[in-house]
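Every number in this text was worked out from the coordinates using simple rules, so none of it is lab data. Just so it is clear, the structure is predicted and the values come from calculations on it, not from any experiment. We place every Cβ from the backbone using ideal geometry, glycine too, and count neighbours over all the protein chains shown.
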Amino acid sequence: MFNLDSALGVEIQADRLILASIKKGLNDRTLQNHLVIEGFRELPDAQLISQVRQFTKTNGFNRENVVVGLPRDHVIIREIEFPLEVEENLEQVIQFQVEKLEPSEEESSYHDFRIMERDEEARRIVVQVAMVRQAYLDDYLKLFRELDLFPASVTNSGQGYRGLVASGTTGLGGKESSLVFRIESGQVEIVALGGEKSFSSQTIPLGEDEATVEEILRKADSFISGLEGQIESFSKVYLTGELARGLYDDFATLLGADVELLVKNVELKRKAISGRELDELLPAVGLAISRFGRAGRIGLNLIPVGERVVTSRASFIPSLVLSCMLLILLAALGTHEYFQTVKLGNQIDVQVQGLQNQVNEAFRLRDLVAAQRAELEELGSLMEGRQRSLLILRDLTERIPDDSYLQNVQLQGQQLTMQGYSDEASRLPPILLESDFLESVKTNWITTDPRNPGKERFSFAATLKP
């Protein structure tokens, strides 16, 4: 049982696993069913697998549309500003920045990034980077494989609120800037949405005696202040979470009529469940809705590129075509005389001709998917061959000061050339020469960069150790 216009959102909490199956209609969304598993970490594997498989078996959904949300406090999100010149080597620069943020070489991470702002006049770009510990995510990817679920995307659960707001069909303004306060016992998660593209979030601890509006706003002030320049103002403040209803009146008194309970603004067809039940499902619901349409598909995906699910929706078309042809043949075999008539032959020809364009398109899409997979495999082989180069680049990047950037690095045989920017380029050769990979370093040229006062451009040549 499956439904092409459906999706499954999964939110992982500290002690609960929440699943929500959403079906997309012409002008609405329907919550088909949901499952909340309390204390899932303590359950025997067989019992957990049985519960989830029973749910997925009886609640059909498109298995290519599974989205998983991790707890915010397990996902690091940073906005990093770079000179515009590094954009051509942005992937490598981001990789080295991620490695700097890792606590140790043993604590590897998965990451994804997107450009939030590109300013030609100021010659800068702002990149949002999300990262998660590799061992942490690998454990969950293994768990979902055992549950017979293969996520198309893994992100932080706050992206579910973005999916709700950005969908534009749930009674919420998709293009307005808004704040979401998810207020739970022990912590508050703040999600800032600047229209369809901008997304920032942070969790702050909340003691038992700190569950007041004044204290929450005080603690949120530094996060909100840090958004200046990205989001000028917020048109709405939405409240959600187990403590939201009790604090609603105080929020409304302090902030005015722009404060609303998020659950009351979500237009969603559902079975007989209360508003409180729906409120705890909202992140999972939003994650599922994020798979419908363009607005929800621009988030960060922490699954490594080589392990992501390749969408193969086109493969349903040949199956449907062959099924139709088989039904025609079976009907013909039911009456021997009718099968022998020329009329039936003509009808089959007409059916086949009518489906030919769909068959051709299906095979074209299949070949396209195969070509893309081949390109991905080729890229993987290329990346493996570049391991030594990446080790050298990582070593050099870790050695240079924070005020210096490598813009371009070329390795040909045993010769290495590098260009970049620094506040004081002349001090770099001795630092680089300390590398275990370099035998000698010489300066080709150092010059002042007229576009960036205070920065020097440099070009060095180095010889690798045998």
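Summary of values
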item	result
Phi to ³J(HN,Hα) by Karplus 6.51 cos²θ - 1.76 cosθ + 1.60 over the range 94-104, Hz, x for Gly, Pro	4, 4, 5, 5, 4, 5, 5, 7, 5, x, 7
Between the range 399-466 and the range 1-54, the alpha-carbon center distance in angstrom	52
Cα-centre dipole for the range 366-466 with unit charges at Cβ (Lys and Arg positive, Asp and Glu negative), debye to 20	200
Burial order of peptide ranges 43-54, 451-462 (average beta-carbon count within 10 Å, highest first)	451-462, 43-54
Rg [Å, one decimal], Dmax [Å, integer] - the range 30-75, C-alpha atoms	12.6, 33
Stokes-Einstein D (µm²/s) once Rh is taken as the Kirkwood radius of the range 359-466 over alpha-carbon pairs, at 10 °C in 1.306 mPa s	98
Ranked by how many other beta carbons lie within 10 Å on average, peptides 214-222, 27-35 from highest	27-35, 214-222
Segments 421-433, 401-413 sorted - mean Cβ within 10 Å per residue, highest first	421-433, 401-413
Calculated over the range 1-147: convex hull of Cα atoms, volume per residue (Å³)	154
